[in-house]
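Inspection log for the structure reproduced underneath, given as structure tokens.
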Amino acid sequence: MDTFAKKYVDGFIADLIARNPGEAEFHQAVQEVAFSLVPYLEDNPYLIDQKILERIAEPERIIIFRVPWTDDRGVIRINRGFRVQCNSALGPYKGGIRFHASVNLSIMKFLAFEQTFKNSLTTLPMGGAKGGSDFNPRGKSDAEVMRFCQSFMTELSKHIGQDTDVPAGDIGVGGREIGYLFGQYKRLRNEFTGTLTGKGLAWGGSLLRPEATGYGLCYFTESMLATRGKSFSGQTVLVSGSGNVAQYAAQKAMRLGAKVVSMSDSDGCIYDPDGLDEEKMSFIFELKNIRRGRIREYADRYPGATYYPGKRPWDIPCDIALPCATQNEICEEDAGKLVANGCYCVAEGANMPSTPEAAAVFHNARILYSPGKASNAGGVATSGLEMSQNSVRQHWTAEEVDKNLRRIMSEIHEACLKYGTEEDGYVNYVKGANIAGFIKVAGAMMDQGIV
Ligand code: NDP
């Protein structure tokens, strides 16, 4: 029989869907969190009376704006910009900016909602936000990307600031874009502050910020593996994506002794049965970050590898899968194949890469499975460390940043164990991360009144 908390969550979700029609990704993200909170709400019914879930699921502010710019042929282009400021109970809004053709309000809201819990898990003082545009940087010249970034920031600058909202990168927004965004912000506001993170090292960036999401993912995975007496050593690993998170996840997994046999982009995936090595990694860094090429070129360079157009890597046998591309990139069928082929650990580098059906397959198979909000939190955590360094106008060493990153990932893992360990000893990392992240945000909201 359904408990009162389960009935409440059912009603809450029905209202949310009616109130936010057509926002499938947002519904998915909220449902995942809300249902895993049922046992906690059962024990803390005052949170239901206080309408904490309803409040968290209603962003504090959403800004939608026109981004006009001119391409290299002189043609006027119009994109749509977004900033969803979801929750500021724990600190200034913080979350990345995504430039991708698929960006819409639903995706922005799901990412801002997830970010709120992720930032809470880091234990650093950061609220949750996300932004972006349906601008597609693929095939654009540097000058076009710069003009777009300047136009985007001309509006966004009115809504952000070092104590208000501190954006960072995400899909399609790396060092180049952060540079152009920062330059325009500085010009408009006439101030040099840490309002964006992911900055270049010479102008306020933190050592290890580019590596942080991928490295943090591997540190978190190490902790997961340790619960079963295992490590990366000798394990076969699938990585999807070939962007920022994927590159550094692959590099760190390889350096920890794993054989990383796949990477991908939106056109297809490569399978290299011999695994990546330092030389192959250098090729990928140069290919993706300097030449901005496609992953298929890896198979031209290394004939031992095969390129599969239009495919994701999930039917390749592996021990560990690190999805690092985008949301909903592992469906139920993919999850079934992974488990059937012996995969016993899935740690998410991307945000919400597994559909709810895929997550259910992992849970039912009792494999190690962590949600992005826990395992990819190293990126925003290191952005938090960049903010601290900017505030005190200091530069920490790579060792110092890495030590903090390892500590934070280990503490997030501990929090997942604390709130996610079930009666039979199985660790439900989704439940653990959601409850641990929620408790802090809910407590701060209660303290701050109905605002
Ligand atoms: P990048 O833009 O650097 O790389 C994204 C990669 O994923 C590219 O290889 C891209 O291929 C591929 N990809 C993007 N969209 C799709 C799609 N629809 N189907 C298949 N492949 C796709 O982004 P990041 O590495 O920064 O981000 C990857 C994921 O990690 C995202 O979910 C992001 O939200 C998450 N994340 C990122 C953090 C960060 O610090 N950067 C922090 C925490 C989470 P292509 O080149 O063809 O587009």
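At-a-glance table
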| read-out | value |
| --- | --- |
| Accessible surface, per residue, of segment 53-98 when the full set of protein chains is kept, probe 1.4 Å, Å² | 43 Å² |
| Over 18 Å (Cα to Cα) - which of LYS94/LYS130; LYS94/LYS199; LYS130/LYS373; LYS130/LYS440; LYS94/LYS373 fall in this group | LYS130/LYS440 |
| Heavy-atom accessible surface of segment 283-395: percent carbon and sulfur, 1.4 Å | 50 percent |
| DSSP beta bridge pairing in the chain, given as percent antiparallel to the nearest 5 | 55 percent |
| Partners for LYS51 among aspartates and glutamates (Cα-Cα distance below 17 Å; same-chain residues under 8 apart left out) | ASP10, ASP15, GLU42, ASP43, GLU60, ASP447 |
| Qualifying lysines (Cα of each under 17 Å from Cα of LYS337; at least 8 residues distant if same chain) | LYS311 |
| In Å², nearest 10: area of ASP142 left accessible to a 1.4 Å probe | 90 Å² |
| Fraction of accessible area attributable to carbon and sulfur, segment 68-112 (%, probe 1.4 Å) | 53 percent |
| Interchain or long-range residues, amide H under 5 Å from THR421's placed H | ASN428 |
| Helix-derived mean residue ellipticity, 222 nm - over the chain, DSSP H n ≥ 4, -39500 (n - 2.57), to 500 | -14500 deg cm²/dmol |
| Added length on full extension, which subtracts the Cα-Cα distance from 0.36 nm per residue, MET1 to ASP49 | 15.1 nm |
| Accessible area (Å², per residue) of segment 132-185, counting only protein heavy atoms and a probe of 1.4 Å | 34 Å² |
| Ranked order, HIS395, HIS159 - accessible area, probe 1.4 Å, largest first | HIS395, HIS159 |
| Coil-residue GluC sites (Glu not before Pro) of segment 397-429, DSSP, other Cβ within 10 Å capped at 16 | GLU422, GLU423 |
| Charge dipole (debye, nearest 20) of the chain; +1 at Cβ of Lys and Arg, -1 at Cβ of Asp and Glu | 1280 debye |
| Probe 1.4 Å, protein heavy atoms only - accessible area per residue of segment 205-306 in square angstrom | 36 Å² |
| Links that overshoot a 19 Å alpha carbon limit, given the list LYS230/LYS280; LYS252/LYS280; LYS259/LYS280; LYS6/LYS118 | LYS230/LYS280; LYS6/LYS118 |
| Two-decimal log10 I(q)/I(0) for the chain, as the Debye equation yields it once each C-alpha is a single scatterer, q = 0.10 Å⁻¹ | -0.68 |
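The values are calculated or read from the model by the stated rules, or taken from the named source; none is laboratory data. Worth saying up front: this structure is predicted, and the values here are computed from it rather than measured. Backbone-built Cβ (ideal geometry, glycine too); neighbour counts: all protein chains shown. Only protein heavy atoms, including side chains, enter the accessible area calculation; ligands, DNA and RNA are left aside. Shrake-Rupley method; radii C 1.70, N 1.55, O 1.52, S 1.80 Å.
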